[in-house]
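Report on the following structure.
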Amino acid sequence: MVKTLEWTEGGVRLIDQTRLPTEEIYVTCRNYGEVATAIRDMIVRGAPAIGVAAAMGIALGVRDSKAKNYHELQAEFDEICRTLAATRPTAVNLFWAIQRMRERFEQLASGSLEEIKRALIQESQEMYAADIAACQTMGRNGAVLMPAAGGVLTHCNAGALATCGYGTALGVIRAAVEAGKKIHVFADETRPFLQGSRLTAWELTKDGIPTTVISDNMAGAMMRIGKIDAVVVGADRIAANGDVANKIGTYMVAVLAKEHGIPFYVAAPWSTVDLATLDGDHIPIEQRSSREVTHLAGKQITPDGIRVENPAFDVTPHRYIAAIITERGIAKAPYSESLPALAVEAELQTTSANR
Ligand code: MRU
(Lines give C-alpha, C1' and ligand atoms only; values in the text may rest on other atoms or scores of the structure.)
Protein backbone atom coordinates (compact mmCIF):
# COMPACT_ATOMS: atom_id res chain seq x y z
CA MET A 1 0.00 0.00 0.00
CA VAL A 2 1.26 3.46 -0.92
CA LYS A 3 2.59 5.66 1.92
CA THR A 4 0.60 8.85 1.46
CA LEU A 5 2.26 10.66 4.35
CA GLU A 6 4.55 9.84 7.21
CA TRP A 7 6.38 11.42 10.09
CA THR A 8 10.15 11.29 9.75
CA GLU A 9 12.93 12.92 11.79
CA GLY A 10 13.57 15.20 8.80
CA GLY A 11 9.96 16.37 8.57
CA VAL A 12 6.61 15.31 7.10
CA ARG A 13 7.17 13.12 4.06
CA LEU A 14 4.46 13.17 1.39
CA ILE A 15 3.93 11.52 -1.95
CA ASP A 16 3.48 14.47 -4.33
CA GLN A 17 -0.07 13.90 -5.60
CA THR A 18 0.25 16.62 -8.23
CA ARG A 19 2.85 14.48 -10.05
CA LEU A 20 0.90 11.19 -10.07
CA PRO A 21 0.29 8.98 -11.97
CA THR A 22 3.36 9.46 -14.17
CA GLU A 23 5.90 10.30 -11.47
CA GLU A 24 6.13 8.78 -7.97
CA ILE A 25 8.01 11.50 -6.16
CA TYR A 26 8.20 12.04 -2.40
CA VAL A 27 8.78 15.46 -0.87
CA THR A 28 9.71 16.27 2.72
CA CYS A 29 8.18 19.33 4.38
CA ARG A 30 10.88 20.55 6.77
CA ASN A 31 8.74 23.05 8.68
CA TYR A 32 5.06 23.71 9.35
CA GLY A 33 4.94 26.45 6.69
CA GLU A 34 5.93 23.90 4.06
CA VAL A 35 3.21 21.54 5.32
CA ALA A 36 0.66 24.37 4.96
CA THR A 37 1.84 25.06 1.40
CA ALA A 38 1.66 21.34 0.56
CA ILE A 39 -1.96 21.23 1.77
CA ARG A 40 -2.93 24.40 -0.13
CA ASP A 41 -1.23 23.23 -3.33
CA MET A 42 -2.78 19.75 -2.98
CA ILE A 43 0.51 17.87 -2.82
CA VAL A 44 -1.40 16.15 -0.02
CA ARG A 45 -5.19 16.17 -0.36
CA GLY A 46 -8.29 14.30 0.72
CA ALA A 47 -10.02 15.19 3.99
CA PRO A 48 -8.48 12.63 6.40
CA ALA A 49 -4.96 13.01 4.93
CA ILE A 50 -5.19 16.80 5.21
CA GLY A 51 -6.17 16.48 8.88
CA VAL A 52 -3.30 14.18 9.83
CA ALA A 53 -0.78 16.16 7.74
CA ALA A 54 -1.83 19.28 9.66
CA ALA A 55 -1.42 17.45 12.99
CA MET A 56 2.08 16.39 11.94
CA GLY A 57 2.75 19.97 10.81
CA ILE A 58 1.83 21.22 14.28
CA ALA A 59 4.05 18.59 15.90
CA LEU A 60 6.89 19.67 13.60
CA GLY A 61 6.42 23.37 14.35
CA VAL A 62 6.39 22.74 18.10
CA ARG A 63 9.36 20.36 17.96
CA ASP A 64 11.50 22.96 16.22
CA SER A 65 10.38 25.89 18.37
CA LYS A 66 13.05 27.90 20.19
CA ALA A 67 10.52 29.03 22.84
CA LYS A 68 11.94 29.12 26.37
CA ASN A 69 8.75 28.55 28.31
CA TYR A 70 5.12 27.39 27.90
CA HIS A 71 3.87 30.95 27.46
CA GLU A 72 6.22 31.64 24.53
CA LEU A 73 5.44 28.24 23.04
CA GLN A 74 1.72 28.92 23.29
CA ALA A 75 2.05 32.05 21.14
CA GLU A 76 3.95 30.05 18.52
CA PHE A 77 1.45 27.20 18.78
CA ASP A 78 -1.42 29.62 18.03
CA GLU A 79 0.41 30.99 15.00
CA ILE A 80 1.12 27.47 13.68
CA CYS A 81 -2.55 26.51 14.07
CA ARG A 82 -3.71 29.74 12.37
CA THR A 83 -1.41 29.12 9.40
CA LEU A 84 -2.58 25.53 8.94
CA ALA A 85 -6.26 26.39 9.46
CA ALA A 86 -6.08 28.98 6.67
CA THR A 87 -5.12 26.42 4.00
CA ARG A 88 -8.42 24.85 2.90
CA PRO A 89 -11.85 25.63 4.37
CA THR A 90 -14.16 22.72 3.48
CA ALA A 91 -12.70 19.49 4.91
CA VAL A 92 -13.68 19.57 8.57
CA ASN A 93 -10.99 16.98 9.36
CA LEU A 94 -8.46 19.83 9.19
CA PHE A 95 -10.19 21.74 12.00
CA TRP A 96 -10.92 18.54 13.92
CA ALA A 97 -7.19 17.66 13.86
CA ILE A 98 -6.09 21.15 14.90
CA GLN A 99 -8.60 21.12 17.77
CA ARG A 100 -7.40 17.72 18.95
CA MET A 101 -3.77 18.89 18.92
CA ARG A 102 -4.82 22.05 20.80
CA GLU A 103 -6.58 20.02 23.49
CA ARG A 104 -3.49 17.85 23.92
CA PHE A 105 -1.26 20.95 24.06
CA GLU A 106 -3.44 22.47 26.78
CA GLN A 107 -3.45 19.25 28.82
CA LEU A 108 0.35 19.44 28.83
CA ALA A 109 0.58 22.96 30.27
CA SER A 110 2.36 21.74 33.40
CA GLY A 111 4.85 19.51 31.55
CA SER A 112 8.38 20.39 30.43
CA LEU A 113 8.89 21.70 26.89
CA GLU A 114 10.59 18.41 25.99
CA GLU A 115 7.57 16.46 27.25
CA ILE A 116 5.21 18.67 25.25
CA LYS A 117 7.24 18.20 22.08
CA ARG A 118 7.37 14.42 22.49
CA ALA A 119 3.67 14.16 23.35
CA LEU A 120 2.53 16.16 20.32
CA ILE A 121 4.57 14.00 17.96
CA GLN A 122 3.03 10.98 19.66
CA GLU A 123 -0.50 12.43 19.32
CA SER A 124 -0.08 12.97 15.57
CA GLN A 125 1.22 9.40 15.21
CA GLU A 126 -1.82 8.08 17.08
CA MET A 127 -4.11 10.02 14.74
CA TYR A 128 -2.25 8.48 11.81
CA ALA A 129 -2.72 4.92 13.08
CA ALA A 130 -6.34 5.57 14.11
CA ASP A 131 -7.16 6.83 10.63
CA ILE A 132 -5.94 3.61 9.00
CA ALA A 133 -7.86 1.53 11.54
CA ALA A 134 -11.02 3.61 10.96
CA CYS A 135 -10.74 3.08 7.20
CA GLN A 136 -10.40 -0.68 7.65
CA THR A 137 -13.41 -0.88 9.99
CA MET A 138 -15.44 1.37 7.70
CA GLY A 139 -14.46 -0.85 4.79
CA ARG A 140 -15.77 -3.94 6.58
CA ASN A 141 -18.96 -2.11 7.59
CA GLY A 142 -19.63 -0.95 4.05
CA ALA A 143 -18.57 -4.07 2.14
CA VAL A 144 -21.93 -5.73 2.83
CA LEU A 145 -23.66 -2.94 0.91
CA MET A 146 -21.66 -3.58 -2.24
CA PRO A 147 -23.08 -5.85 -4.95
CA ALA A 148 -21.82 -9.47 -5.03
CA ALA A 149 -20.80 -8.75 -8.62
CA GLY A 150 -21.18 -5.59 -10.65
CA GLY A 151 -20.12 -2.05 -11.39
CA VAL A 152 -19.44 0.52 -8.68
CA LEU A 153 -19.00 4.17 -9.57
CA THR A 154 -16.83 6.49 -7.52
CA HIS A 155 -16.03 10.18 -7.85
CA CYS A 156 -12.76 11.94 -7.02
CA ASN A 157 -10.25 9.98 -4.91
CA ALA A 158 -11.35 8.73 -1.52
CA GLY A 159 -8.64 6.11 -1.34
CA ALA A 160 -5.33 5.36 0.34
CA LEU A 161 -4.04 8.61 -1.16
CA ALA A 162 -6.79 10.64 0.55
CA THR A 163 -6.23 9.03 3.96
CA CYS A 164 -3.33 7.55 5.92
CA GLY A 165 -4.02 4.28 4.12
CA TYR A 166 -6.73 1.94 2.73
CA GLY A 167 -9.23 4.72 2.00
CA THR A 168 -12.87 5.46 2.77
CA ALA A 169 -14.96 4.88 -0.37
CA LEU A 170 -12.10 2.87 -1.87
CA GLY A 171 -11.70 1.14 1.51
CA VAL A 172 -15.28 -0.12 1.15
CA ILE A 173 -14.47 -1.34 -2.36
CA ARG A 174 -11.19 -2.93 -1.18
CA ALA A 175 -12.97 -4.73 1.68
CA ALA A 176 -15.69 -5.97 -0.69
CA VAL A 177 -13.07 -7.31 -3.10
CA GLU A 178 -11.18 -8.93 -0.18
CA ALA A 179 -14.49 -10.59 0.80
CA GLY A 180 -14.66 -12.16 -2.66
CA LYS A 181 -17.05 -9.75 -4.39
CA LYS A 182 -16.47 -9.27 -8.10
CA ILE A 183 -16.43 -5.52 -8.42
CA HIS A 184 -15.56 -3.45 -11.45
CA VAL A 185 -14.88 0.16 -10.53
CA PHE A 186 -15.90 3.06 -12.74
CA ALA A 187 -13.79 6.08 -11.79
CA ASP A 188 -15.10 9.49 -12.75
CA GLU A 189 -12.24 11.52 -14.18
CA THR A 190 -13.18 14.39 -11.81
CA ARG A 191 -12.45 17.64 -13.60
CA PRO A 192 -10.76 19.98 -13.05
CA PHE A 193 -8.07 18.41 -10.82
CA LEU A 194 -8.52 14.88 -12.19
CA GLN A 195 -8.29 13.01 -8.88
CA GLY A 196 -10.32 10.16 -10.41
CA SER A 197 -8.31 9.52 -13.56
CA ARG A 198 -4.92 10.32 -12.02
CA LEU A 199 -5.20 8.99 -8.47
CA THR A 200 -8.12 6.55 -8.08
CA ALA A 201 -7.20 4.75 -11.30
CA TRP A 202 -3.54 4.64 -10.20
CA GLU A 203 -4.07 3.15 -6.77
CA LEU A 204 -6.78 0.66 -7.76
CA THR A 205 -4.75 -0.57 -10.71
CA LYS A 206 -1.75 -1.04 -8.40
CA ASP A 207 -4.01 -3.27 -6.26
CA GLY A 208 -5.24 -5.24 -9.27
CA ILE A 209 -8.86 -4.05 -8.89
CA PRO A 210 -10.49 -3.82 -12.34
CA THR A 211 -11.08 -0.14 -13.10
CA THR A 212 -12.44 1.87 -16.00
CA VAL A 213 -11.99 5.64 -16.19
CA ILE A 214 -14.87 7.65 -17.59
CA SER A 215 -15.12 11.38 -18.12
CA ASP A 216 -17.59 13.01 -15.74
CA ASN A 217 -20.22 13.53 -18.42
CA MET A 218 -20.43 9.77 -19.09
CA ALA A 219 -21.80 8.76 -15.67
CA GLY A 220 -25.48 9.12 -16.64
CA ALA A 221 -25.04 7.10 -19.81
CA MET A 222 -23.23 4.32 -17.89
CA MET A 223 -26.10 4.18 -15.41
CA ARG A 224 -28.74 4.14 -18.12
CA ILE A 225 -27.19 1.14 -19.89
CA GLY A 226 -26.98 -0.79 -16.60
CA LYS A 227 -23.24 -0.74 -15.96
CA ILE A 228 -23.50 0.80 -12.49
CA ASP A 229 -25.01 -1.11 -9.53
CA ALA A 230 -23.94 1.20 -6.71
CA VAL A 231 -22.13 4.49 -6.12
CA VAL A 232 -19.75 5.08 -3.23
CA VAL A 233 -17.95 8.36 -2.56
CA GLY A 234 -16.07 10.01 0.28
CA ALA A 235 -16.89 13.25 2.09
CA ASP A 236 -15.19 16.42 3.23
CA ARG A 237 -17.84 17.38 5.75
CA ILE A 238 -21.10 15.78 6.83
CA ALA A 239 -23.60 18.16 8.42
CA ALA A 240 -25.92 17.18 11.28
CA ASN A 241 -28.85 16.60 8.92
CA GLY A 242 -26.80 14.26 6.69
CA ASP A 243 -26.06 16.74 3.89
CA VAL A 244 -22.61 15.94 2.48
CA ALA A 245 -19.94 18.21 1.01
CA ASN A 246 -17.67 16.33 -1.35
CA LYS A 247 -15.72 16.97 -4.54
CA ILE A 248 -17.47 19.11 -7.13
CA GLY A 249 -19.62 16.87 -9.32
CA THR A 250 -20.71 14.54 -6.52
CA TYR A 251 -24.15 16.16 -6.38
CA MET A 252 -24.66 15.54 -10.10
CA VAL A 253 -23.80 11.85 -9.61
CA ALA A 254 -26.18 11.54 -6.64
CA VAL A 255 -29.10 13.01 -8.60
CA LEU A 256 -28.39 10.68 -11.52
CA ALA A 257 -28.19 7.68 -9.19
CA LYS A 258 -31.61 8.50 -7.69
CA GLU A 259 -33.13 8.83 -11.18
CA HIS A 260 -31.83 5.34 -12.03
CA GLY A 261 -32.72 3.71 -8.69
CA ILE A 262 -29.05 3.07 -7.88
CA PRO A 263 -27.98 3.31 -4.20
CA PHE A 264 -25.65 6.22 -3.49
CA TYR A 265 -23.40 5.67 -0.44
CA VAL A 266 -21.04 7.99 1.40
CA ALA A 267 -18.12 6.55 3.39
CA ALA A 268 -16.26 8.74 5.87
CA PRO A 269 -14.53 8.52 9.24
CA TRP A 270 -16.23 10.09 12.24
CA SER A 271 -13.71 12.97 12.04
CA THR A 272 -15.62 14.12 8.91
CA VAL A 273 -18.95 14.33 10.74
CA ASP A 274 -19.64 17.87 11.90
CA LEU A 275 -22.71 17.83 14.14
CA ALA A 276 -22.13 21.53 14.90
CA THR A 277 -23.02 22.41 11.30
CA LEU A 278 -26.77 22.13 10.88
CA ASP A 279 -27.01 21.54 7.16
CA GLY A 280 -25.17 21.74 3.86
CA ASP A 281 -25.98 25.43 3.34
CA HIS A 282 -23.68 26.21 6.27
CA ILE A 283 -20.66 24.34 4.91
CA PRO A 284 -17.97 26.71 3.54
CA ILE A 285 -17.12 25.82 -0.03
CA GLU A 286 -13.56 26.41 -1.19
CA GLN A 287 -13.14 28.41 -4.39
CA ARG A 288 -9.91 27.58 -6.19
CA SER A 289 -7.87 29.28 -8.87
CA SER A 290 -9.51 29.71 -12.28
CA ARG A 291 -6.28 28.36 -13.78
CA GLU A 292 -7.33 24.82 -12.75
CA VAL A 293 -10.19 25.19 -15.26
CA THR A 294 -8.55 27.28 -17.97
CA HIS A 295 -5.45 25.07 -18.21
CA LEU A 296 -4.95 21.34 -18.59
CA ALA A 297 -1.48 19.93 -17.95
CA GLY A 298 -0.06 23.45 -18.33
CA LYS A 299 -1.80 24.10 -21.66
CA GLN A 300 -4.45 26.80 -22.01
CA ILE A 301 -7.78 25.29 -23.10
CA THR A 302 -10.11 28.31 -22.87
CA PRO A 303 -10.07 31.72 -24.59
CA ASP A 304 -8.00 34.51 -23.00
CA GLY A 305 -9.84 36.38 -20.26
CA ILE A 306 -12.88 34.06 -20.13
CA ARG A 307 -14.90 34.12 -16.88
CA VAL A 308 -14.61 30.90 -14.88
CA GLU A 309 -16.18 29.37 -11.78
CA ASN A 310 -14.16 26.86 -9.76
CA PRO A 311 -15.90 25.70 -6.58
CA ALA A 312 -13.86 22.73 -5.36
CA PHE A 313 -16.81 21.05 -3.61
CA ASP A 314 -20.58 20.78 -3.79
CA VAL A 315 -23.26 19.72 -1.36
CA THR A 316 -25.36 16.60 -1.85
CA PRO A 317 -28.63 16.92 0.07
CA HIS A 318 -29.27 14.01 2.44
CA ARG A 319 -32.36 12.82 0.55
CA TYR A 320 -30.09 11.41 -2.18
CA ILE A 321 -27.98 9.37 0.22
CA ALA A 322 -28.90 5.71 0.85
CA ALA A 323 -26.48 5.35 3.79
CA ILE A 324 -23.50 6.99 5.45
CA ILE A 325 -20.83 4.40 6.26
CA THR A 326 -18.52 5.19 9.20
CA GLU A 327 -16.21 3.20 11.46
CA ARG A 328 -18.87 3.55 14.17
CA GLY A 329 -21.52 1.90 12.04
CA ILE A 330 -23.91 2.72 9.23
CA ALA A 331 -26.29 5.69 9.48
CA LYS A 332 -29.50 5.79 7.48
CA ALA A 333 -32.26 8.39 7.16
CA PRO A 334 -33.39 10.24 9.18
CA TYR A 335 -29.76 11.33 9.62
CA SER A 336 -30.63 14.02 12.15
CA GLU A 337 -31.42 11.04 14.43
CA SER A 338 -29.04 8.32 13.25
CA LEU A 339 -25.86 10.46 13.28
CA PRO A 340 -26.27 11.72 16.88
CA ALA A 341 -27.21 8.15 17.89
CA LEU A 342 -23.87 6.89 16.54
CA ALA A 343 -22.11 9.66 18.47
CA VAL A 344 -23.80 8.66 21.72
CA GLU A 345 -23.24 4.93 21.19
CA ALA A 346 -19.50 5.49 20.63
CA GLU A 347 -19.27 7.65 23.78
CA LEU A 348 -20.90 4.85 25.78
CA GLN A 349 -18.49 2.28 24.34
CA THR A 350 -15.49 4.47 25.23
CA THR A 351 -16.78 5.01 28.76
CA SER A 352 -17.37 1.31 29.40
CA ALA A 353 -13.95 0.43 27.85
CA ASN A 354 -12.24 2.90 30.21
CA ARG A 355 -13.96 1.51 33.31
O1 MRU B 1 -9.83 18.58 -3.24
P2 MRU B 1 -9.53 17.22 -2.68
O3 MRU B 1 -8.81 16.34 -3.62
O4 MRU B 1 -8.87 17.31 -1.33
O5 MRU B 1 -10.96 16.59 -2.46
C6 MRU B 1 -11.07 15.28 -1.99
C7 MRU B 1 -12.45 14.79 -1.90
O8 MRU B 1 -13.40 15.47 -2.23
C9 MRU B 1 -12.63 13.43 -1.28
O10 MRU B 1 -13.71 12.78 -1.85
C11 MRU B 1 -12.86 13.58 0.22
O12 MRU B 1 -11.87 14.41 0.80
C13 MRU B 1 -12.89 12.30 0.93
S14 MRU B 1 -11.32 11.56 0.98
C15 MRU B 1 -11.36 10.15 1.91
Would you say I98 is β-branched (V, I, T), modelled with pLDDT of 95 or more and in contact with a Cys (Cβ under 6 Å, 6 or more places away or on another chain)? yes
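Matching residues to (1) open to solvent by less than 10 Å² (accessible area, probe 1.4 Å); (2) out of contact with any strand residue (DSSP E or B) (no Cβ under 7 Å at 6 or more places or on another chain):
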{"site": "E189", "(1), (2)": "no, no"}
{"site": "S197", "(1), (2)": "no, no"}
{"site": "S215", "(1), (2)": "no, yes"}
{"site": "G220", "(1), (2)": "no, yes"}
{"site": "K227", "(1), (2)": "no, no"}
{"site": "D236", "(1), (2)": "no, no"}
{"site": "A239", "(1), (2)": "yes, no"}
{"site": "A254", "(1), (2)": "yes, no"}
{"site": "A257", "(1), (2)": "yes, no"}
Just to be sure before I move on: is G167 crowded, with 21+ Cβ neighbours inside 10 Å and at positive phi in the structure I sent? yes
Quick check on region 127-147. Is at least one of its residues over 22 Å from A235 (Cβ atoms) and surrounded by fewer than 19 Cβ atoms within 10 Å (Cβ to Cβ)? no
Test P303 against the stated conditions and say whether it is more than 23 Å from the chain's Cα centre (by Cα) and open to solvent by 10 Å² or more (accessible area, probe 1.4 Å). yes
What are the pairs with Cβ atoms under 6 angstrom where one residue, in region 231-254, is touching a residue at least 60 places away in the same chain (Cβ under 8 Å) and the other, located anywhere, is of a type in the set (K, R) and buried (at least 24 other Cβ atoms within 10 Å of the Cβ)? Sequence gap at least six, or different chains. A245/R237
If a residue counts only when it is farther than 25 Å from D279 by Cα, which strands (runs of 3 or more DSSP E) contained entirely in region 133-251 have at least 2 such residues? 149-154, 182-188, 211-214
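The values are calculated or read from the model by the stated rules, or taken from the named source; none is laboratory data. In this text, all values refer to a predicted model and were calculated from it rather than measured experimentally. Don't worry about glycine lacking a Cβ; one is built from the backbone with ideal geometry, like all the others, and counts go over all protein chains shown. Ligands, DNA and RNA are excluded from the accessible area calculation, which covers all protein heavy atoms including side chains. Shrake-Rupley method; radii C 1.70, N 1.55, O 1.52, S 1.80 Å.
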